[in-house]
Amino acid sequence: MKKQLILTALLGAMVLTGCATKPNGERNDPMEGFNRTMWDFNYKVVDRYVLEPAAKGWRDYVPTPITKGLTNVANNLDEPVSFVNRMIEGEPKKAFVHFNRFWINTVFGLGGLFDFASASKELQVYEQRGFGETLGSYGVDAGAYMVLPLYNATTPRQLTGAVVDAAYMYPFWDWAVDGPFSLVKYGVQALDARAKNLDNAELLNQAQDPYVTFREAYFQNLEFKVNDGKVKEGSQKELSDDVLKEID
């Protein structure tokens, strides 16, 4: 059943993505009018009045051991998904880094509260591996840019990947927890990422067109992640990875 789901997602992504750029090299953004409206809503309303104040409270008033521990637990739950995606890519060595991180931190780190695995240089990771990046490693184009309410920036390939990643996680959530409690993981990760980047928002505000700046940096960051941190010669990210995550 899972194999059928993966194959369906692969075929669907190939059909839906199109190309991230037009033949003349311009960015493929056919939904720009809608995207800009959603950008304004996400950045000027949701972030300004909800996420940013919550992130400030998370950073300034919640004790660091608690924020660090909860974030470690949330990130630890991504390790099995990264393991599966790396195996699909034919990268067993990288896959077992995630596998070992998961069992070490789950057993010795009290369910992931403590990241003991990172004490070993060989087990340190800086990015989890989503199915969207796995598709990219097989040459599937990211596709047209989309900005969704609350979800923010994505593409057909990345959206397909998120659906498949959620399917990987479903058996665990069904066994371990009930209903909307599973959303706590994503809430903790979004809050922690925003809190870590509260001081970087001015970089985006100073851009001549923040929408275009974020869009281009988003695609460059996708390329960066798909290629495991390697970028094409002459390619330069306009914003850091941390800034890109601040409104996830």
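The values are calculated or read from the model by the stated rules, or taken from the named source; none is laboratory data. Note that this is a predicted model, so its numbers are computed, not measured. When we count neighbours, we look across all protein chains shown, and the Cβ atoms used for this are built from the backbone with ideal geometry, even at glycine. Accessible surface areas use protein heavy atoms only, side chains included; no ligands, DNA or RNA. Shrake-Rupley method; radii C 1.70, N 1.55, O 1.52, S 1.80 Å.
Over region 31-230, accessible surface divided per residue gives 52 Å², non-protein components excluded, 1.4 Å probe.
Over region 31-230, what is the mean sequence separation of C-alpha contacts under 8 Å (at least six apart), divided by residue count, expressed as relative contact order in percent? Relative contact order for region 31-230 comes out at 26 percent. Over region 31-230, with a single point scatterer placed on each C-alpha, what log10 of the ratio I(q)/I(0) does the Debye formula yield at q = 0.08, 0.09 1/Å? Scattering profile of region 31-230, log10 relative to I(0): -0.30, -0.38.
Beyond a 32 Å Cα-Cα separation, which of these cross-linked pairs lie in this structure: K93/K185; K68/K94; K44/K93; K44/K121; K121/K196? Cα-Cα > 32 Å for K44/K93; K44/K121; rest within. Ranked by the mean number of other Cβ atoms within 10 Å per residue, highest first, peptides 66-73, 199-206, 49-56 order as 66-73, 49-56, 199-206. When the residues V163, V97 are ordered by accessible surface, computed with a 1.4 Å probe over the protein chains alone, the sequence from largest down reads V163, V97. Between R48 and V184, the distance separating the two model label sites (each 7 Å from Cα on the Cα→Cβ line) works out to 3.3 nm.
Of D78, D40, which has the most accessible area and how do the rest follow, probe 1.4 Å?
Numbers: D78 35, D40 60 Å².
Accessible-area ranking of D78, D40, largest first: D40, D78.
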